1. Among the candidates E318, E262, E326, single out the residue that is within 19 Å of L240 (Cα to Cα) and in contact with a helix residue (DSSP H, G or I) (Cβ under 8 Å, 6 or more places away or on another chain).
2. For the range 164-241, please list each of the strands (runs of 3 or more DSSP E) lying entirely inside it that holds at least 2 residues being among the β-branched types (V, I, T) and closer than 21 Å to R253 by Cβ.
3. Take the residues of the range 243-259 that are among the charged types (D, E, K, R) and surrounded by 12 or more Cβ atoms within 10 Å (Cβ to Cβ): which is farthest from W221 (Cα to Cα)?
4. Which residue is surrounded by the fewest Cβ atoms within 10 Å (Cβ to Cβ), if the candidates are limited to the range 122-138 and must be within 15 Å of W86 (Cα to Cα) and small (G, A, S)?
5. Give the residue, chosen from S285, S236, S298, that is of a type in the set (S, T, N, Q) and not assigned by TED's automatic domain parsing to the domain that holds E358.
6. Would you please name the residue that is nearest to H143 (Cα to Cα), looking only at residues in the range 187-215 that are surrounded by fewer than 21 Cβ atoms within 10 Å (Cβ to Cβ) and under 18 Å from the mean Cα position of the chain (by Cα)?
7. Scan the range 115-125 and tell me whether some residue there is aliphatic (A, V, I, L, M), closer than 23 Å to L32 by Cβ and in contact with a Gly (Cβ under 7 Å, 6 or more places away or on another chain).
Amino acid sequence: MKSDYRAAATRGQVDVDFGAGAATLGAATPRLDLSGAGSMWVPASGPVLWSALNQLPRCTALTWAGPDRGLARALADRPVVSSLAWRDAPPVVDLTGTGLQHLSLSGADVREVRLPRGLHGLELAAVDRNLVVYAAGGGRWLHLTLTGADAQTTVPAGLHGVREVALDGGGTMSAAAVRELKELESVRIHWREPPGRLDDVAALASLPRLAVIELVDGYGWDANKLPDLTSLTHLSISGLRRSIVPALKARYRGTGVRLVIEGAKPDTWLAANLNNPFRDWVDDSARGGAAACKAYASAVRIIDKLPQDRRRRADEAEAVLRALVEALNSIDQRYEIIDTLRREEAFDAFMELAARAEVPAHLADQWFDDWRGF
């Protein structure tokens, strides 16, 4: 029982040993990374001593990678663990006996997944197109997220009952991914890269229950191609070309559809900044966001002209990367726009530029932490 598992003491430090030697952790540790990339506690081969989890009664989230090695059985014995991120999963994943409520799964070899009845959040990334998922009610109670989605992405077989889907991916995605989901009520599409285009939009017309559509950063989306949906009650668009806003408002004025529009940007501004990772910062602060875009664009121009001589290239790369972080420091001091999300976006942009300048990742990571003040 969960109550029995939680009843153990949760104060102070405890020694845990998953088979690779004892380690000291806080007894109230809430989440644990036992994947190969994030853990020195699990042996590379041989048995995993899952009984070590008994020392961590408040641990509700695990990260794991590779073959099962007793993971599913351990989770079944410890229903307090409600969240699992499993990378490089094996061909067959059976979690039916567990108390999981959220599962994030990735792995090109996965062919079959069996889910517990209590699961309500399923995230799939980089999985085979022939994947079959066994879920209660065909996934009726699941919120399904497909990350890394592209124009060829499809919903795995077995999830015909899903009512909520999120497509999170690259610059071009296809509405055909959800064409067969006749119970679908809500779809969210988030483009992480330009141009933000949605193909096969007409496929949405085959969904008789679709009531909510959310589109994020669809700068290449053609609003005129969205079919008339009698079931639609809410259309939310965050990040779009300003030129299409009047037509959208006119189309849904006086209808039963609640239209929410945020982050509309001038077409001319987008032409210059569509590929800028800081383009959406202008939604929080017009001046601060514009300054961040300008600082990034300047860094790109300089990096693309770095000398080929290794020593000079390294020195100049360090200088331009430092100048970018210092510019972001100044922007945050003045406009206070860099929150946790923006910090992650700044880090990703910085690391991409560092790689472009041939700076080793570990060194770039260190520079970013040493230089940033946000």
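The values are calculated or read from the model by the stated rules, or taken from the named source; none is laboratory data. For clarity, every value in this text was computed on a predicted model and none was experimentally measured. Backbone-built Cβ (ideal geometry, glycine too); neighbour counts: all protein chains shown.
1. Details: E318 fails: within 19 Å of L240 (Cα to Cα); E326 fails: within 19 Å of L240 (Cα to Cα).
Exactly one of E318, E262, E326 is within 19 Å of L240 (Cα to Cα) and in contact with a helix residue (DSSP H, G or I) (Cβ under 8 Å, 6 or more places away or on another chain), namely E262.
2. 212-216
3. Per the stated criteria, the residue is R258.
4. A126
5. So the residue among S285, S236, S298 that is of a type in the set (S, T, N, Q) and not assigned by TED's automatic domain parsing to the domain that holds E358 is S236.
6. R188
7. Taking the range 115-125 first, the residues aliphatic (A, V, I, L, M) are 115, 119, 122, 124-125.
Narrowing further to those that are closer than 23 Å to L32 by Cβ: 115, 119, 122, 124-125.
Add one more test, that the residue is in contact with a Gly (Cβ under 7 Å, 6 or more places away or on another chain), and what stays is 125.
Checking the range 115-125: at least one residue is aliphatic (A, V, I, L, M), closer than 23 Å to L32 by Cβ and in contact with a Gly (Cβ under 7 Å, 6 or more places away or on another chain).
Residues are listed down the side, and each one gets a yes or a no for (1) outside any helix (DSSP H, G or I); (2) within 26 Å of D109 (Cβ to Cβ):
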site	(1), (2)
A52	no, no
R58	yes, no
P67	yes, yes
A74	no, yes
V80	yes, no
